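The structure appears below as structure tokens.
The values are calculated or read from the model by the stated rules, or taken from the named source; none is laboratory data. What you see is a predicted model; the values in this text were computed from it and never measured. Here the Cβ positions follow ideal geometry from the backbone for every residue, glycine too, while neighbour counts run over all protein chains shown. Keep in mind that these areas ignore ligands, DNA and RNA; they rest on the heavy atoms of the full protein, side chains included. Shrake-Rupley method; radii C 1.70, N 1.55, O 1.52, S 1.80 Å.
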Amino acid sequence: MADTEQVAPPLKRRKVNSDDENEERSSPDRAFHSPTRRLAIRDRDIRQRSQSHDRDYAHSRSRSPRSRTRSLSRTQSPASRSRSTSSRSRGRRSTTNDGDDDDDDESRSRSGRYYSSDRTDSRSRRSTTDSRSRTTSSRRRRRPHSSTRSPSGSLPRTPSPPELLEPEPIPHPNFLPCLSLHGHTGPVSQVRLSPDGRWIASASADGTARIWDSATGAHMETLVGHMAGINTVAWAPDSAVLATGSDDKKIRCWDRRTGRPAHSVARQLVGHHSYVYCLAFSPQGNVLASGSYDEAVFLWDVRGGRILRDLPAHSDPVSGIDFSPDGTLVCSCSTDGLIRIWDTSTGQCLRTLVHEDNPPISSVCFSPNGRHVLASSLDSSIRLWDYIEGRGTVKRTYQGHASKKFAVGGCFCNTGEHDQSAIASIGSGGRATDEKRVIPDAGGGGEDDADLPRVHDAGASYVVSASEDGDLVLWDVKSKGVVQRVRKAHSGVCFWVDVKGDTMVTAGQDLCIKVFRNGNAAVRDRDRDRMEEDVVRANGAVVPPGGLRVSPPLDPEMMDADPASGAPRAAGTAAESNDMVVVVDAAAAAAAHGPTPDPVVKMEETQ
Amino acid sequence: MDPEPFKLQPARLNPEAAHLHKVAANFRLDPNNPNFEQNLKKAAAKSSNKFPIPQEHLTGMNLLLSDDYLIQDHPEVLNHTIRSGHSTCLRFNRKGNYLASGRVDGTVVLWDMDTMGVARKLRGHSKGISSLCWSRCGRYLLSACRGWLVILWDLQDGKKERQIRVRAPVFTAELNPTNRHQIIVACYEEDFIYCDAMNKLSRKYVLPSAPKRDDSEVDEATKEKWAKEDAKTMTTAAIFTPSGKHILAGTNKGRVNVINSNTREIIYSEKVCTGVITSLRVSFNGSDLLINAQDRIIRTFKLPELDVPDLDPDTIQLNLEHKFQDVVNRLSWNACCFGATGEYVAASTYNNHEMYIWERTHGSLVRMLEGPKEEQGMVEWHPSKPILAVNGLETGRIYIWGVTNTQKWSSLAPDFAEVEENDEYEEKEDEFDIHPQEEIAKRRIDREDEEDVDVLTMDVPKGDEQEFRMPILYNLGDDDSEEELIAVSTGTMRRKSYSEGQGDVSLDGETIGEGAAGGPSAGPAEKATAKKGKGKGKKK
């Protein structure tokens, strides 16, 4: 954590707390946090709310005078808060045409890129977070021991299946650097792979978004049009259209093929009153959900570019948004610490998830089956929520990365992705820890064609997250063990990571985009086709997974000196000195004999 | 009620609990939900109902969190009014996410029910659309117009997949639900046509309209009389059974014919009413038949099992279930349809503004929907939700009726619960115990490992039909805005209309219709029906 402090952020984006925050600020209103107090305080809270209603619009915008009220209402009653939000935003909307208002917005935009320090005061959890961070670091020191156990994935208390039934262990994914894409002149705030996995879209603070070919790294298009830095990019499900959201408060839709706006009448989606921070397309592609600094969630009719619904969602900037796989639910999260689940068709809030510590949430996504929600929070934790059971329960907490200020993203990574070949899925199916999977695999081969439909639930799943120290961390969903840590993937903050199949892309503060491929995909597939792997080896190229179908022809311009290690990094030529390559070899060799050793351990040794 | 006991007890000892357990499983109720008991009661009431919700409809993830669908099951309020041209005909696709609307000018407009916006426009007809039918997968749409033309559209690219010319204005054209190459067309005073287009060339067959009669033991005079009568018999409405193996056809003599779609022969016919049969509908699960006839009575019938392999035509029976009519006002019905589960029947009234909704358990009227001050034409019930789409005959607007959704405040604040009356709070033993913060966090994190977690397995297995996703068009053009006002006379069908501000004059200076009197005018077809209607009104 200390090293993140040193990195002077050249850009405001995704910065969520200011540097000069008062660390000593303790939480006098912590006592209110117990359930009984909360009920008792409800009355008072309403009175406070009505006061804040009477306040002048401009007043309510500058937050310092209200910070006291806010800190109270934050802890106590999210419901009343949301109501007050709605009324406030309505008031705001009615006045937007004023010139004065624009000025106000401007001034806010200058300071508002950071959370102003009085805001941080109002967040009364500083002391907790501090102590937590200490805990975290101690955990990290311990990790090598704990994680040597983890790869097997067996939980101490779950009835572990008999060893005999366990087929040949399938190695964890091992992502190796493959490409480094340059071109952006500002830090890259978000990067996403298209649903078909062929394209990479990146959003940058330089006001442009770019499209790259994910196989070759070739630059396809530069999308120019936004008047300010771009926060977010989202792909339509057909991979032909993408949407970008920017600090100029607008959302634009682009045609991937032409690089021009998708609507013939250059139609921007205008309506937000502040920076557009996050976007998500519905699985049908007809609705776009956006979250903004104006604390609202908008659902847009993509075809007509009009607002379908505005949901008075939160009382702080909306930091993340996602659609459930069937499109009936929208999940939004905010730095007010709440995760809300909405019904797309009615606009009702169906669930609110809030953790006892109430940490600000920085990004959110649904699990592949839509039954869970993965939320990254600014206490350097990622929590997996079951939003149905009870009234939402935390199922897993993943720690080991750094996320305190910036909204760095996390996502799921499935080695047995549905769109991949059945081969890959069956192969990864062996690594199962739950009984359901071991039974069909009892034959051991995983070759059983009759079981093909079960391939769907046979994939191993991982959680991957960017980290503020530039690392990438990969956890096993079930065991919570760190499966891989890519050190210094970016110099400075790594903002975002996205995975599709065996390809992983990351975006960083160092203006570049990195593409990684799963080094163990080849190992995984080896049993199916030893020949192909031999070809790869013969060529001397470490072109894994992916690699088998997309060997990256190496463009010298694509490669650069690795900012972290200082060594020239070339995916194909694999300099021996490169620590990451050492990991590959170790993992590959080990995979041939038995269970994969923990790559983290190896890496630390090589350092 | 504790969910556990009936999980453990054998069904034989406690059939009631076993039944409830089954109900809970069917409705995918979460036993850990605080409202579980309540929900279970509602669900049990629903499933003991004669009209269970088809499993196909219980797939949305939002249903795991909301139980509204258990309570409100018929539309009550007018939620949207949408408009693109003058709509004459409506039909939902099977999934219910698109609504096709046929217009007076021959354009077919597809509405996205998620966004209430136009998703696609299909131009190819030149006269008012009289019938629409979706393929089961949702990719193909069959439209028929009064201009003697039937078109099968491929919605992937919006192009015509097939075009069939007939020799008269079309009443109904239906697609075989299991085979989009088989089409039946019922025309005005013309043969009833079955079109098999499996090959490149489509082959047309004339289907019989005259009823099947046992003519072995009748004299010549009767035969002659029958022959005369049969010559005048026309098929006025037709529909495929859900399996596609049979065709149900209604004639102008009030008979229903069951036709085998392979042999194209009538296997059964029955006189069900005296007037002309104007429309036939089959419920979602295919067990019931709804018939609207000109004798001002809507009838529901139990359909016999037609799909059994060794079907004996002599055993077929069409059993009348209910007759819905307004005895007092002697209203006749413009159109009618089944509700999503088959529990309700909705109908629009002729020369009146109301719509009636009956329930089928007892056959009683549950609701009259009134709102728009105009006569309503087609009624279409959403295949899974309590949503009713109706088009106004005068303005051609489409009215979407639905239910009101109220926000549950407790879901905004996880710490609150909505209770009927005050509860005594019982303090837990360790509630105010003080532990070091780190220890609490650690304990919490360790506790997580006790439960298994699965992020990949889908709760709801996907259906076997591959899902068709309609391409999203970004450039429908501004002429396609919903404010568009189309009122065109015969010669100028392809002209687009212009905004209301420009008056009732189209570009070539032709005055349009008689809409100047008040509101947008109706197309010629509508005028015709209106006149016909008035005539009848006088008779009454």
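The table below lists the values:
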item	result
Where A meets B: accessible area buried, both sides, 1.4 Å probe, Å²	6500 Å²
Square roots of five times the Cα gyration tensor eigenvalues for the stretch A:162-319, Å	30, 21, 16
Proximal charge balance of A:T258 [Cβ under 14 Å; K/R count +1, D/E count -1]	+2
Buried on assembly, the stretch A:316-331 (at least 20 Å² less accessible surface than by itself, 1.4 Å probe)	A:D326, A:T328, A:L329
Angstrom value of the Kirkwood radius, inverse mean 1/r, which spans all Cα pairs in the stretch B:219-263	11.8 Å
In Hz, Karplus ³J(HN,Hα) per residue of the stretch B:231-239 (6.51, -1.76, 1.60; θ = phi - 60°; x = Gly, Pro)	4, 8, 6, 10, 8, 10, 8, 8, 7
Label-point separation, B:N475 to B:V206 (7 Å along Cα→Cβ), nm	4.9 nm
Net charge contributed by nearby residues that have their C-beta within less than 10 Å of B:R299 (K/R +1, D/E -1)	-1
Normalised convex hull volume, the stretch A:177-266, alpha-carbon set, Å³ per residue	83 Å³
Neighbourhood net charge (12 Å Cβ-Cβ; Lys/Arg +1, Asp/Glu -1) for A:R383	-1
Under-5 Å amide H pairs with A:L350, H placed in peptide plane, nonlocal only	A:I341, A:W342, A:D343
Label-point separation in nm, B:E420 to B:N179, each point 7 Å along Cα→Cβ	5.7 nm
Other protein chain Cβ atoms within 10 Å, averaged over every residue that makes up A:300-309	4
Global form of the stretch B:130-278, assessed from the alpha-carbon gyration tensor, a/c cut-off 1.5	prolate
Average partner coverage of B:401-410, which counts Cβ from other chains inside 10 Å	3
In range of the label at B:T274: residues from the stretch B:325-368 whose backbone nitrogen is under 18 Å from the point 7 Å along Cα→Cβ	B:325-333
Built amide H within the under 5 Å cut-off of B:L142, gap 5+	B:C133, B:W134, B:S135, B:W153
Amide H contacts of A:R309 (H built 1.01 Å from N, under 5 Å, at least 5 apart or other chain)	A:L299
